[in-house]
1. Would you pick out the residues in region A:62-86 that are among the aromatic types (Phe, Trp, Tyr) and part of a loop (DSSP other than H, G, I, E, B)?
2. For residue A:39, state whether it is over 18 Å from residue A:116 (Cβ atoms) and not polar (S, T, N, Q).
3. Select from region B:1-11 the residues that are touching a residue at least 12 places away in the same chain (Cβ under 8 Å), surrounded by fewer than 13 Cβ atoms within 10 Å (Cβ to Cβ) and more than 13 Å from the chain's Cα centre (by Cα) and list them in ascending order.
4. Applying the selection to region B:67-110, what residues are facing chain A (nearest Cβ under 10 Å) and acidic (Asp, Glu)?
5. Here's a check for you: in region A:87-118, which residue that is modelled with pLDDT under 85 and assigned to a loop (DSSP other than H, G, I, E, B) is nearest to the other protein chains (Cβ to nearest Cβ)?
6. Exactly one condition in (1) touching a Phe, Trp or Tyr at 6+ places or on another chain (Cβ under 7 Å); (2) within 14 Å of chain A (Cβ to nearest Cβ); (3) surrounded by 21 or more Cβ atoms within 10 Å (Cβ to Cβ) is not met by residue B:64; state its number.
7. Which one is farthest from residue B:6 (Cα to Cα) among residues in region A:27-50 that are free of Cβ contacts under 8 Å to residues at least 24 places away in the same chain and open to solvent by less than 30 Å² (accessible area, probe 1.4 Å)?
8. Go through region A:54-104 and give me each residue that's surrounded by fewer than 20 Cβ atoms within 10 Å (Cβ to Cβ), of a type outside the set (Gly, Ala, Ser), closer than 28 Å to residue B:32 by Cα and free of Cβ contacts under 8 Å to residues at least 24 places away in the same chain.
Amino acid sequence: DQQVKQNSPSLSVQEGRISILNCDYTNSMFDYFLWYKKYPAEGPTFLISISSIKDKNEDGRFTVFLNKSAKHLSLHIVPSQPGDSAVYFCAASAGMPHLQGGSEKLVFGKGTKLTVNP
Amino acid sequence: DGGITQSPKYLFRKEGQNVTLSCEQNLNHDAMYWYRQDPGQGLRLIYYSQIVNDFQKGDIAEGYSVSREKKESFPLTVTSAQKNPTAFYLCASNRGGLEFFGPGTRLTVL
């Protein structure tokens, strides 16, 4: 049973436009959410996170929105750049995850491959 | 430069053989992790270690073993008991909320 779902395996957008990557979760105990970006043959890099006490977190061109009632989060990238082309993983945990200094395990989605066309 | 080193980048082994994947970090991080990524899948936690000489099983530990004799090193052994070992293996480390992933090792069982 997949607890974190990224239903779109791929997304293609034009440079300068908005990219919206979606993620749904089923475990109501999840209260900490992260997005990672991964280039081929490299390890993932942390992008942005949000805890359930917020519904929005912004960092430069990246904004994550959390809708707790719908168990849905999304990552917005504005404006999209060709260098943003990568696989984006959504991850969730019940409490502060290991990889952020806490003690809880992260559950990852399958990823969405974003292609930004020049 | 500080970082995480995983070697080799590509590894091939014959079915039935054990193989050890290296993970070294010079970041002075206490916690280290091993993840596995399969095509079209998210990362799944194999083992993790919060401190030297201590480690815990993750979600898919069967067929794997680890050791943490030194803070800098967290090798992962893929044993012959692992039924489907072909995958991309990622090592990560963390200290105080700052985390880093290594470049990964792609293991192929022939």
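The values are calculated or read from the model by the stated rules, or taken from the named source; none is laboratory data. Predicted model, so just to flag it, every value in this text is computed and none were measured. Because the Cβ atoms are built from the backbone with ideal geometry, glycine has one as well, and the counts that use them run over all protein chains shown. Quick note on the areas: whole protein, heavy atoms, side chains included, nothing else; ligands and nucleic acids left out. Shrake-Rupley method; radii C 1.70, N 1.55, O 1.52, S 1.80 Å.
1. Result: no residue meets the conditions.
2. no
3. The answer is B:2, B:10.
4. B:99 - this is the single residue of region B:67-110 that is facing chain A (nearest Cβ under 10 Å) and acidic (Asp, Glu).
5. Of everything passing the filter in region A:87-118, A:101 is nearest to the other protein chains (Cβ to nearest Cβ).
6. (2)
7. A:50
8. A:57, A:59
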